[in-house]
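Rule-based calculations on the coordinates, nothing more; no lab input. Because the structure is a prediction, the values reported are computed rather than measured. Cβ: placed from backbone, ideal geometry, glycine included. Neighbour counts: every protein chain shown.
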Ligand SMILES: NC(=O)c1ccc[n+]([C@@H]2O[C@H](COP(=O)([O-])OP(=O)(O)OC[C@H]3O[C@@H](n4cnc5c(N)ncnc54)[C@H](OP(=O)(O)O)[C@@H]3O)[C@@H](O)[C@H]2O)c1
């Protein structure tokens, strides 16, 4: 199973503020997320589930929480750990981890692919994308998107793949 992460961050690694994204909606970033994750199941932390910007997959969604009585909406299931989430989806070809920062910290050492959108700005934030070993990954693509009337910031889509160990 390939474990893929998908995230957007500012140049200061900002990724969340008060339970929301720190920047105004960027439609092409949402479109990219939906294209990249199409047909795949998703894993997310409870706070990422519990945001108005929630993303979900029609294929299946696991919400990681320590709260045993936490109720999730139809289409989502609760799991107590990332390990259990990955075990549940072990027969999938690829699963997407959507964040937030707490879940990324745990998933980064396991990830084969990173889809990162770098937004060309610095943002006030209370949640930051974790530091990780960039040398373990190879940049396999990058695509720039300019600021325009629908996008107040320019951004770049990066895809990284973990280098093979041999
Ligand atoms: N820019 C992006 O790409 C992006 C992506 C996703 C989210 N976000 C933003 O990031 C923020 C949310 O991220 P976050 O880091 O605060 O929260 P999060 O990672 O989404 O969720 C944290 C919660 O997950 C559960 N959890 C974490 N580790 C666990 C473990 N080892 N075992 C069991 N449960 C565990 C806990 O839930 P309980 O408290 O219920 O036990 C914890 O409170 C929001 O502002 C959101 O908008 C941004």
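How would you order 131-139, 149-157, 60-68 from highest to lowest mean count of nearby Cβ atoms within 10 Å? Before the final figure, lay out each step's value.
Details: 131-139: 12.1, 149-157: 14.6, 60-68: 16.6.
My ranking of the peptides, most packed first, is 60-68, 149-157, 131-139.
Evaluate E = 1/(1 + (r/R0)^6) for residue 163 and residue 50, where r is the Cβ-Cβ distance and R0 equals 30 Å; express this FRET efficiency to the nearest 0.05.
Values: r = 35 Å, r/R0 = 1.17.
Efficiency for this residue pair is about 0.30.
So for the pair residue 147, residue 88, with labels modelled 7 Å out along Cα→Cβ, what separation do we get in nm?
For the pair residue 147/residue 88, the computed spacing is 4.1 nm.
Where the centroid of each part is defined by its Cα atoms, how far is the range 94-162 from the range 1-43 in Å?
The range 94-162 and the range 1-43 have Cα centres spaced 8 Å from each other.
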